[in-house]
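Single-structure report; data block below.
The values are calculated or read from the model by the stated rules, or taken from the named source; none is laboratory data. Keep in mind the model is a prediction, meaning the values are calculated, not measured. Here the Cβ positions follow ideal geometry from the backbone for every residue, glycine too, while neighbour counts run over all protein chains shown. These accessible areas exclude ligands, DNA and RNA; they are computed on the full protein's heavy atoms, side chains included. Shrake-Rupley method; radii C 1.70, N 1.55, O 1.52, S 1.80 Å.
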Amino acid sequence: MLALYFNSPSIIARYRAGSAGPYLDRFIAWLADHGYRRATIRRHVRGAVQFATWSNSSGTGSMPPDQATLVRLHDHLAKQDRLRYACGLYHHLYQSARIYVRFLEEICAVRPVAKKDSVDAFPLFAEFRDWMRAHRGTRDISLANYHMPVMTLLRTLGAPSTYSAPALRAYFLQQVNPLHPEKSKNLATALRMFLRFLVARGKCAPGLEFTIPTVARWRLSTLPKYIPPDQVETLIASCDTSTPLGVRDRAILLLISRLGLRASDVSGLQFHHLLWSEGMLRVAGKNRHEVELPMPQEVGDAILCYLKNGRPTLSSDFVFITTTAPFVPITRQVVGRAVVRAVRRTGINAPSRGAHLLRHSMATAMLRDGMSLPAIGALLRHSSVETTMVYAKVDVNLLKEVVQPWPGVRLC
């Protein structure tokens, strides 16, 4: 296997003689199975050999490097100011070392080391996570946002049985950031939900959830960020359908701009959600309540084009897969970056660059076309019509119909 990627007999002999030698053939096969290209496989093999050599010289002997060795390499490169390049990416040696250690763990050559502050490191958070799923129907995305605030609270204040109202309030006021009210609001929500769980399980005094103050954030105080329909079409048309990335991006943009899907809806789309015979698309909202939306012909064609010309060969239930190795289902951040790339390509002066830009633009366009707020809310899967009312503020003609005259002032 090694001879298929390296031609020099001296290099092959040197690699075989090193401590990484017994694992290189399996490492190459593992990389190829995960979709890495030839040039990338060669680079990671060289990095793995260099990492193993460094590991031996640092006093670990001939044992395969593990997570602890990887941490030492991290600190070694950081002290030399070589951990990251100017662009922000990790040094190529550290990149290859992380992949090599992951491979060694998968083949059981080394024992995986539990990461610090992982979910399982605190059984209480794992219990809280299960409780939220069972009693609140909370999705994994929200639970991921709760992870850091809850972990920080546990590390700072210790056992929940010792919590008191003054300590909780002082902790929250110390953590809150007045410059970012949205982040502060999310922090308050995470802590309040965790305290409710503790009270329900009898792990802290009742009523402590009310000690977390409410962050001032007025509903409907901001305008939705959107772009006109012609600019939306420009973003969609800018995707290069001759490349796998362009085919995937076009399907993503159409799903958001035509059906108003959230980024998490797109990343979580699976094959059983595509009801081809019925021309429908099944989507689960934030409350996990599944609804069926009509699938426009344009959207269906874009998905089929991606499946035929852009999707890597991977046995996965998820529709959208990364375009570079390792091939795994995309995340909601990848969906947002598809919009960012389109905005950069076209040079459109957009008020924001996330996936919600197209969702807001679709809702605004429908309102100006005469669609009612309840109908828009049903398509966007809003739990309350009050959430949809924010779009009424961008329709000046509609506002003129409902505005009341100022007392004592004649109408123009």
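Quick look at the numbers
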quantity	calculated
Members of Lys225/Lys308; Lys185/Lys225; Lys183/Lys225 lying beyond 30 Å, as alpha-carbon distances in this model show	Lys225/Lys308
Accessible surface of the chain [probe 1.4 Å, protein heavy atoms]: carbon and sulfur percent	55 percent
Dipole of the chain, positive end: most advanced residue of Ile107, Leu254, Ala78 [Cβ charges, Cα centre]	Ala78
Distant-in-sequence amide H partners of Leu293 (H built 1.01 Å from N, under 5 Å)	Leu281, Arg282, Val283
Relative contact order, percent, the chain [alpha-carbon distance under 8 Å, six or more residues apart]	13 percent
Tensor-based shape of the chain (alpha-carbon gyration tensor, a/c under 1.5 rounded, otherwise prolate or oblate)	oblate
HN-Hα J in Hz across the stretch 350-366 - Karplus 6.51, -1.76, 1.60, θ = phi - 60°, x for Gly and Pro	8, x, 8, 10, x, 5, 5, 4, 6, 5, 5, 5, 5, 5, 5, 5, 5
By average C-beta atoms within 10 angstrom, highest first, the peptides 127-135, 375-383	375-383, 127-135
Potential extension, Asn309-Lys79 segment - 0.36 nm per residue separation minus Cα distance	78.3 nm
Solvent-accessible surface ranking, highest first, for Lys183, Lys79 at 1.4 angstrom	Lys79, Lys183
Solvent-accessible area per residue, Å², over the chain with all protein chains present [probe radius 1.4 Å]	55 Å²
Cβ charges +1 (Lys, Arg) and -1 (Asp, Glu), total dipole of the chain, debye	1000 debye
Extension gain, Asp301 back to Leu89 (0.36 nm per residue minus Cα-Cα distance, nm)	72.7 nm
Alpha carbon centroid spacing (whole Å) that separates the stretch 236-304 from the stretch 173-192	33 Å
Over the chain: helical MRE at 222 nm, DSSP H runs n ≥ 4 each giving -39500 (n - 2.57), nearest 500	-17000 deg cm²/dmol
